[in-house]
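To start, the structure itself, in structure tokens.
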Amino acid sequence: MLKVYATELRSRLLLGTSRYPSPAVLTEAVKAARAEVVTVSLRRESSGERAGQGFWGIIRELGVRVLPNTAGCHSVKEALTTAQMAREVFGTSWIKLEVIGEDDTLQPDVFGLVEAARILSADGFDVFPYTTEDLVVADRLLEAGCRVLMPWGAPIGSGRGLNNLFGLQALRAHFPDVPLIIDAGIGVPSHAAQAMELGFDAVLINTAVAQASHPALMAAAFAQALEAGRAAHLAGPMEPRDMAAPSTPAIGKAFLG
Amino acid sequence: MKILVNGAWRETDASDLAAALTALGYGEAVVATALNGEFVATGSRADARLTDGDRLEVLAPMQGG
């Protein structure tokens, strides 16, 4: 089982709740993924429409744990205030900390991220920082109090998979005991399987499921891929080699030339 | 007085944040509030005095990735 902060999770697939064609499809996808954790956010509520109340009702009915994010925050101040608001509304000390530094790639402002992580950790939050594969930043985040890291696979919503394989492998090797959850950029189940084969602990997926033609089917496909990838990691994959090696024994081969 | 609620100017006679939320129609809705960029916990809303030109953010659960 995967342990994040004090919580043990059976499912290694965390699912985002955004961009689904309808609430019913979202519900089906969460069930098909067998997700125990879904990400949520806070947005302005109109007193007339009260869209947020309806959404919150759907999530509560699913009985899953929520991981609120600070998506869209570009400054430490914004992220801190959002985190405090999320803790009250969602009743959890978990926070997926995003401090966005660049609008085209949505890559994190790692300097602000570390600063915010330090303040929030000291304030009793369980911080899940959305970061890059940078080892020094990872080290600073752990020093700031984070016990989980969420490195990106590729830019949010890009579906490009594991963009910097070498960097991610180095991160995994460097922090063997820290739960590492690949967040962002996963496009298809094979990307998720690859992440698990490399020894990452879990994967957070949103767009790849929500924007599929059949989200629930894709969610199920991801769940299978994660299980296969995890099993492969535990089984110990062979090392690749440059030259061919016959799999059928050469000894005892008939001389028929 | 006028306060900026979620980016729109609204007229209110409420002197504190708790009264303003009721007057604005939020009633029992599950929301979190920030006044001039500072988080105001539910229990502190009645103590949060409003003045003309205040910026109020009223947020609720929403889809997120």
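Restrict the check to the range A:91-98 and report whether at least one residue is open to solvent by 50 Å² or more (accessible area, probe 1.4 Å) and in contact (Cβ under 8 Å) with a residue 24 or more places away in the chain. It would help to see each step written out before you state the result.
Filtering the range A:91-98 for residues open to solvent by 50 Å² or more (accessible area, probe 1.4 Å) gives A:91.
Cutting the leftovers down to in contact (Cβ under 8 Å) with a residue 24 or more places away in the chain gives us none.
Looking for residues that are open to solvent by 50 Å² or more (accessible area, probe 1.4 Å) and in contact (Cβ under 8 Å) with a residue 24 or more places away in the chain, one finds none in the range A:91-98, hence no.
Do you know which residues across the range B:28-40 are facing chain A (nearest Cβ under 10 Å), out of contact with any Ser or Thr (no Cβ under 8 Å at 6 or more places or on another chain) and open to solvent by 30 Å² or more (accessible area, probe 1.4 Å)?
Within the range B:28-40, B:E28, B:V30 meet the criteria.
Read through the list (1) closer than 23 Å to A:Q211 by Cα; (2) within 13 Å of chain B (Cβ to nearest Cβ); (3) not hydroxyl-bearing (S, T, Y), then give the number of the only condition that A:I95 fails.
Unmet for A:I95, out of (1) closer than 23 Å to A:Q211 by Cα; (2) within 13 Å of chain B (Cβ to nearest Cβ); (3) not hydroxyl-bearing (S, T, Y): (1).
Every residue, every condition in (1) at positive phi; (2) of a type in the set (S, T, N, Q); (3) modelled with pLDDT of 95 or more, yes or no:
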site	(1), (2), (3)
A:E8	no, no, yes
A:S11	no, yes, yes
A:L14	no, no, yes
A:A29	no, no, yes
A:R50	yes, no, no
A:L67	no, no, yes
A:T70	no, yes, yes
A:A83	no, no, yes
A:G91	yes, no, yes
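I'd like the residue in the range A:43-62 that is over 23 Å from the mean Cα position of the chain (by Cα) and not in a loop (DSSP other than H, G, I, E, B) and, out of all such residues, is nearest to the other protein chains (Cβ to nearest Cβ).
We begin by selecting, within the range A:43-62, every residue over 23 Å from the mean Cα position of the chain (by Cα); these are A:44-54, A:57.
After this cut, where a residue has to be not in a loop (DSSP other than H, G, I, E, B) as well, the list is A:44, A:51-54, A:57.
On the way: A:R44: 4, A:A51: 7, A:G52: 3, A:Q53: 6, A:G54: 9, A:G57: 9 Å.
The selected residue is A:G52.
For (1) assigned to a helix (DSSP H, G or I); (2) within 9 Å of chain B (Cβ to nearest Cβ), each residue gets a yes or a no:
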site: A:K31; (1), (2): yes, no
site: A:S41; (1), (2): no, yes
site: A:C73; (1), (2): no, no
site: A:T81; (1), (2): yes, yes
site: A:E88; (1), (2): yes, yes
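Looking at A:R19, A:R65, A:R50, A:R43, which one is without any contact (Cβ under 8 Å) to a residue 40 or more places away in the chain, of a type in the set (K, R), surrounded by fewer than 24 Cβ atoms within 10 Å (Cβ to Cβ) and closer than 30 Å to A:L113 by Cα? Write out each step before concluding.
Working: A:R19 fails: without any contact (Cβ under 8 Å) to a residue 40 or more places away in the chain; A:R65 fails: without any contact (Cβ under 8 Å) to a residue 40 or more places away in the chain; A:R50 fails: closer than 30 Å to A:L113 by Cα.
So the residue among A:R19, A:R65, A:R50, A:R43 that is without any contact (Cβ under 8 Å) to a residue 40 or more places away in the chain, of a type in the set (K, R), surrounded by fewer than 24 Cβ atoms within 10 Å (Cβ to Cβ) and closer than 30 Å to A:L113 by Cα is A:R43.
Of the conditions (1) surrounded by 16 or more Cβ atoms within 10 Å (Cβ to Cβ); (2) closer than 25 Å to A:D201 by Cα, A:Y5 fails just one. Which one is it?
Only one criterion in (1) surrounded by 16 or more Cβ atoms within 10 Å (Cβ to Cβ); (2) closer than 25 Å to A:D201 by Cα is unmet by A:Y5, namely (1).
Counting only residues that are in a strand (DSSP E or B) and of a type in the set (G, A, S), which one in the range B:14-56 is farthest from A:G16 (Cα to Cα)?
Here is the first cut: in the range B:14-56, the ones in a strand (DSSP E or B) are B:16, B:32-35, B:38-40, B:49, B:55-56.
Filter once more, so that each one left must be of a type in the set (G, A, S): B:32, B:34.
On the way: B:A32: 21, B:A34: 25 Å.
So the residue we want is B:A34.
Given the conditions (1) closer than 21 Å to A:H191 by Cα; (2) surrounded by 23 or more Cβ atoms within 10 Å (Cβ to Cβ), report the number of the one that A:P108 does not fulfil.
(1)
With the structure loaded, tell me whether A:T70 is over 20 Å from the mean Cα position of the chain (by Cα) and of a type in the set (V, I, T) or whether it fails that test. Lay out the reasoning, then the answer.
Values: over 20 Å from the mean Cα position of the chain (by Cα): no; of a type in the set (V, I, T): yes.
No: the conditions fail for A:T70.
When you go through B:L59, B:L4 one by one, which is the residue that is within 7 Å of chain A (Cβ to nearest Cβ) and either assigned to a strand (DSSP E or B) or modelled with pLDDT under 95 (or both)? Walk me through how you get there before you give the answer.
On the way: B:L4 fails: within 7 Å of chain A (Cβ to nearest Cβ).
On inspection, the qualifying residue turns out to be B:L59.
Which one of B:D54, B:D47 is open to solvent by 40 Å² or more (accessible area, probe 1.4 Å), more than 10 Å from chain A (Cβ to nearest Cβ), more than 16 Å from A:R87 (Cα to Cα) and among the charged types (D, E, K, R)?
Exactly one of B:D54, B:D47 is open to solvent by 40 Å² or more (accessible area, probe 1.4 Å), more than 10 Å from chain A (Cβ to nearest Cβ), more than 16 Å from A:R87 (Cα to Cα) and among the charged types (D, E, K, R), namely B:D47.
The values are calculated or read from the model by the stated rules, or taken from the named source; none is laboratory data. This structure is a prediction, so every number in the text was calculated from the model and none was measured. FYI the Cβ positions are ideal-geometry reconstructions off the backbone, even for glycines, and counts take in every protein chain you see. Surface areas here come from the heavy atoms of the whole protein model, side chains and all, with no ligands, DNA or RNA. Shrake-Rupley method; radii C 1.70, N 1.55, O 1.52, S 1.80 Å.
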